[in-house]
Structure formats: C-alpha cells, structure tokens
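Asker: The structure is given below, and queries will be raised subsequently.
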Amino acid sequence: MEKRKKSIKKKIKPFFNNHFEWIALSVGLLVMALMNPYTQNGAGWCIYERLGISFCPGDGLGHSIAFLFRGDFFRAWHANVMGPFAVVIIFSRVAYLFKQNVWTKSSNDNQNK
C-alpha cells in the first residue's frame, strides 16, 4: 500500500509542477470573463484598502476583464485601464506555458515513438 502511494505521488507531482500555473491562470481568466460586471461585489481584496489607503491599482480589474469579454471596450477601459493589458499578459503566459508543457512535450513524445 505504501509503495502504491509513493507511485501515485511520483505521477502527480510532475503533473502539478508542469500544469498548475497555466490551468490556474486559465480558470481565473474564465471566472473573470463569466462574472457579471454590472454587479457590485462585497468587500475587496485590496491590501491598500485594508491599510486605509483609498487608491487601489487593482480596483475594477475583474470588471474590466468581464467587459472586455463582452466586447464593451469603453466600459472596460473606464473600469480599469490595465484590464486590456492584463488580458494580453495572462493570455500570453497561458499560451507560452501550454506550448512549453503540453504542445512541445506531446510532439517530442510522438517523435520518440
């Protein structure tokens, strides 16, 4: 039984190390894209606001991304100017990691067979 657990851990750990980041970023982007940008959510997660500073650079970022996925670029820009840039950066990182960890490895596996 102990040997089986170690075998499972040996399989899960490399998968987790290779795929966690691109999966987490994809899920986060999808959640922000599917959220309703017209609702006001509860308390924010901004550390600056928690410290009593009224300006938070991340305020409206999720709303901005949701507006972008709905094609409302004007509202996205006004919700948070960094929203369009965040989408490009996150999407680029996901594409890079996917290519590096999935696409390239599957191509190499096929060539080795």
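The values are calculated or read from the model by the stated rules, or taken from the named source; none is laboratory data. Fair warning: this is a prediction, and the values are worked out from it, not measured in the lab. Here the Cβ is made from the backbone with ideal geometry for all residues, glycine too, and neighbour counts use every protein chain on show.
Asker: Which condition does residue 36 not pass, out of (1) assigned to a helix (DSSP H, G or I); (2) in contact (Cβ under 8 Å) with a residue 12 or more places away in the chain; (3) exposed (fewer than 11 other Cβ atoms within 10 Å of the Cβ), if it passes all the others?
Answerer: Result: residue 36 passes all but (1).
Asker: So which residues in region 1-51 are of a type in the set (Ser, Thr, Tyr) and either at pLDDT 90 or above or in contact with a His (Cβ under 7 Å, 6 or more places away or on another chain) (or both)?
Answerer: If the condition is that a residue be of a type in the set (Ser, Thr, Tyr) and either at pLDDT 90 or above or in contact with a His (Cβ under 7 Å, 6 or more places away or on another chain) (or both), then 26 is the only one that fits.
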